[in-house]
Amino acid sequence: MLAIAIRFALYAHLMVLFGWPLFALYGKRDKASGPSGSQLLSLTLVAALLSVAGMLAMTATMSGVAITNVDRDSIAAMVFETPMGVAWLVRMVALATIAALAFVRSPVVGVAKVAFAAAALASLAWTGHGAAGEATKGMVQLVADIVHLLAAGAWIGALVALGLMVARNASRLTSANFISMHHALDGFSNAGTVFVALLIITGSINTWILVGPEGIGLLGGDPYVQLLAIKLALFTVMLGLAAMNRFRLTPALSRDLVAGAVPSGALRALRRSIAIEAGLAASVLAIVAWLGTLVPPASL
Ligand code: HEM
């Protein structure tokens, strides 16, 4: 249970650490869209602590001992003698670099921080089934899993940025704030479509390799397939909400702005929809944290 909780928290932190600053690069309309230096630093420090806890939990599982009884030699062997250990080291170096640059503000450093966060997030592919394959098929699986993680991070990070934007009190917002909010929402819809397409393509590759055509039939009895099915059901609801934001709620906000009205109703509806979408995304990450600890049908 502890290992699943640490995986979940690590997914969430590393996805926000990547996707939120990324949103500030392509969705930037006002200063509110990106994390501040202290927000970035705290996200990075928590991700580093979770990574240490994750390594201890993984070493304990591999050595078959309690996390409190893990010895130094086993940790050293995991860190320096396994591909997962190398990925972990890359993540720690990337996080240390982001922490060092947290308060530096320039376009080039902004891109560098997102690149290091992408490396930290991609390193999670070595903690689940992503790096379990061999030869060409294994390489396809690894690349698909890394793209899957980054697409999921981009979507979830944008949800945090948009969520914070619409969470602001309408009475304190100027029409300029509302216009840039509308631009940010409108600007996200194109990027969002790309993230969803990448998730479906790489998710299908993952499903094909880890479940396989025969495994689909095991829906009735295999916990891995059942959890994946629940994940896809939640994903479908998230897609519905995203479509509603794009085709109904964002245009409603724009209509109010054109009419010169304060769009408090549209803002309330957007706030509710984005909060539900973010809650569903958190549930998807909880399921995936669990999925990564189960044996997929194709490996049985
Ligand atoms: C909101 C949308 C989605 C999110 C946030 C999401 C997130 C994730 C994450 C974080 C992983 C773990 C990767 C790892 O640790 O290596 C994962 C794995 C996976 N995803 Fe998704 N995913 C989404 C949509 C999809 C879709 C649409 C499919 C299928 C078409 C899919 C199929 C899979 C499969 C089969 C795995 C491998 C699970 C394992 O580690 O055994 N995902 N997903």
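Nothing in this text is a laboratory measurement; each read-out follows from the coordinates by a stated rule. Just so it is clear, the structure is predicted and the values come from calculations on it, not from any experiment. Ideal geometry is used to build each Cβ from the backbone, glycine not excepted, and the neighbour counts take in all protein chains shown.
Residues in the range 176-221 that are assigned to a helix (DSSP H, G or I), more than 13 Å from the ligand (Cβ to nearest atom) and either among the small types (Gly, Ala, Ser) or in contact with a Lys or Arg (Cβ under 6 Å, 6 or more places away or on another chain) (or both): 9 in all.
When residue 155 is tested against the conditions (1) within 8 Å of the ligand (Cβ to nearest atom); (2) within 22 Å of residue 82 (Cα to Cα), the lone failure is (2).
Only helices (runs of 4 or more DSSP H) wholly contained in the range 1-84 count here; list those with 2 or more residues that are closer than 24 Å to residue 282 by Cβ.
2-26, 37-63
Consider residue 276 against the criteria (1) assigned to a helix (DSSP H, G or I); (2) touching a residue at least 40 places away in the same chain (Cβ under 8 Å): it satisfies all of them except one. Which criterion is unmet? Among (1) assigned to a helix (DSSP H, G or I); (2) touching a residue at least 40 places away in the same chain (Cβ under 8 Å), residue 276 violates only (2). Across the range 103-119, a minimum of one residue is classified as of a type outside the set (A, V, I, L, M, F, W, C) and part of a loop (DSSP other than H, G, I, E, B).
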